[in-house]
1. Given (1) of a type in the set (A, V, I, L, M, F, W, C); (2) farther than 24 Å from P77 by Cα; (3) modelled with pLDDT under 95, where does I135 come up short, assuming only one miss?
2. If A34 satisfies every condition in (1) within 27 Å of K17 (Cβ to Cβ); (2) modelled with pLDDT of 95 or more; (3) surrounded by 16 or more Cβ atoms within 10 Å (Cβ to Cβ) but one, which is the exception?
3. What single numbered condition from (1) modelled with pLDDT of 50 or more; (2) open to solvent by 30 Å² or more (accessible area, probe 1.4 Å) fails to hold for S468?
4. Restricting attention to segment 377-410, report how many residues are among the charged types (D, E, K, R) and free of Cβ contacts under 8 Å to residues at least 60 places away in the same chain.
5. Hey, does segment 291-308 have a residue that's outside any helix (DSSP H, G or I) and open to solvent by 60 Å² or more (accessible area, probe 1.4 Å)?
6. Would you please name the residue that is modelled with the lowest pLDDT, looking only at residues in segment 177-201 that are more than 20 Å from V300 (Cα to Cα) and surrounded by fewer than 21 Cβ atoms within 10 Å (Cβ to Cβ)?
7. Could you check segment 1-59 and list, in sequence order, the residues that are aromatic (F, W, Y) and in a helix (DSSP H, G or I)?
8. Give just the number: which of (1) under 26 Å from L385 (Cβ atoms); (2) in contact with a helix residue (DSSP H, G or I) (Cβ under 7 Å, 6 or more places away or on another chain); (3) modelled with pLDDT of 95 or more; (4) open to solvent by 40 Å² or more (accessible area, probe 1.4 Å) does R322 not satisfy?
Amino acid sequence: IGLDVRRQLGFPIIQHKPVSTLKVLRRFIKTNRAMGKKTSEELASLPEVTDERVIMGQRMLELLLTSCYQVQPTLFPILICTMADTSLKYGINASACDAFTTFGILLSGAFGNPRRGRELGKAAELIFAKHTRMISRSTFGCQGFIYHWSSPLRESLNPLFDGYKAGLKIMDTESSALCLGFHVAHTFYAGRPLKTDAVAKLINLHIEFHHPNIHSEMFLHLYLLAVKKIKNMDLEENERDFDDVRILAIEDNNLPLQRYVESLQIEIKVYFGKWDEARDMLLQTTRDVREVLLGLHAGVRFTFFESLISLKAAQSSSGSTRRKWKRRGVKAMKLISRWKNKGNVNIIQCLHLLEAELSVLKGRNEKAEECFESAIGVASERGFLQDKALCHQLFSAYFQHRGNDDMRVYHMEQAIKCYREWGASAVAEQLSPVITAASSAPPTVIGAPCASARGERMLASSTPPRAST
């Protein structure tokens with residue numbers, strides 16, 4: 001309907017169909033050239049648009065963005081560029097917040113320019129200071145999609161919660177819901193302690209909040225569900241599990257929600273040491289995760305776990321299968337390295353851990369130990385409790401394979417301690433028997449079948465196979 005309204009207003013026709021990557025690239029280059037090197041202050045100082053036809057056309061695009069992102073992701077960049085071009089040509093109003101925020105999302109997430117993306121986000125913030133109806137909407141755009149590429153993730157938590165409250169005040173329930181959803185998601189990813197009372201507060205907010213649609217409700221629900229899984233909290237009667245949310249997303253053709261489910265499930269399986277299941281799910285997951293989760297930290301986390309699982313699968317394989325998994329792991333690892341070099345401070349420990357596992361695969365034990373230690377140090381310094389726990393867990397597995405029982409036990413104890421500090425009591429409980437059980441059992445190869453419950457527990461220690469020399 002929105003596209004038809006724009007057509008009736010006399011604007012060029014935008015067809016509701018998939019758009020090729022080449023067309024998206026051409027349109028982005030054109031808009032980026034028009035944007036030039038304008039600073040956030042210069043963009044926010046553009047004259048106010050006065051043409052009612054233009055204002056209505058921009059408003060239609062603003063309303064289309066969220067639904068387009070869910071059902072037609074390839075059209076999303078075209079709408080963004082159209083909004084940005086219109087703001088540059090005719091002037092700015094409240095809708096320009098969306099124009100510059102979403103263009104900043106493209107710059108940061110798709111085209112690897114987080115510094116410039118941040119400048120566009122700041123322009124949106126300057127504009128919504130004059131157009132308060134956009135404050136919540138621009139907050140989830142900047143804090144959820146842009147700033148995490150160059151700032152610590154935990155710095156987004158307070159602004160997102162403020163955006164949630166601001167949205168409630170102005171009755172922008174859709175943006176308020178997304179601010180709350182990103183607040184919960186970033187709380188999970190930032191590795192802050194998931195204290196029971198804090199989780200209970202978020203669950204109560206979720207229950208009491210009148211979601212504008214089922215999709216924003218399920219986005220928030222997924223992360224609270226993930227917290228319940230790692231804390232071993234019982235689900236309420238008739239509460240949706242991951243599979244229920246996936247079915248709902250498929251029925252409604254909501255691609256982002258589907259990819260959220262898949263990426264979260266893969267991450268949780270790794271924490272619980274279910275490497276075979278994580279590998280199988282990775283094989284079933286389509287390769288469009290990063291495209292669908294454009295600009296989101298969830299897409300970054302998926303890339304990290306894609307690389308880690310692939311490298312672990314290569315360690316337990318041989319021949320062409322080993323080479324295939326190694327190629328996939330290294331390809332994803334290069335993306336992590338590129339993002340780190342562009343200023344992403346939230347993935348440094350992830351890159352060190354991947355370098356450690358790649359060194360194990362190559363049989364470079366001294367290099368592997370250096371990288372494990374670096375990963376633990378950075379995770380500790382930056383407060384990523386879940387990553388610190390995982391690093392200790394995998395370092396313990398490394399020493400188990402090397403036959404160093406003292407170091408194996410030490411790092412497993414540290415892993416359990418970190419998981420407990422994070423709040424992942426269910427993971428810690430599963431790992432606890434590994435401390436005593438592993439000392440009397442032969443090394444377990446990741447991906448090998450287990451003959452007993454003890455064998456299942458042993459998989460949690462993520463033991464790497466012998467590296468070839």
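1. (2)
2. Answer for A34: the failing condition is (3).
3. With (1) modelled with pLDDT of 50 or more; (2) open to solvent by 30 Å² or more (accessible area, probe 1.4 Å) applied to S468, the lone miss is (1).
4. 5
5. So far as segment 291-308 goes, no, none of its residues is outside any helix (DSSP H, G or I) and open to solvent by 60 Å² or more (accessible area, probe 1.4 Å).
6. Filtering first and then ranking leaves T196.
7. F28
8. Evaluating R322 over (1) under 26 Å from L385 (Cβ atoms); (2) in contact with a helix residue (DSSP H, G or I) (Cβ under 7 Å, 6 or more places away or on another chain); (3) modelled with pLDDT of 95 or more; (4) open to solvent by 40 Å² or more (accessible area, probe 1.4 Å) leaves (1) as the failure.
The values are calculated or read from the model by the stated rules, or taken from the named source; none is laboratory data. Keep in mind it's a predicted model, so treat the numbers as computed, not measured. For neighbour counting, all protein chains shown are included, and Cβ atoms are generated from backbone atoms with ideal geometry for every residue, glycine included. We work out accessible area using only protein heavy atoms, side chains counted, and drop any ligands, DNA or RNA first. Shrake-Rupley method; radii C 1.70, N 1.55, O 1.52, S 1.80 Å.
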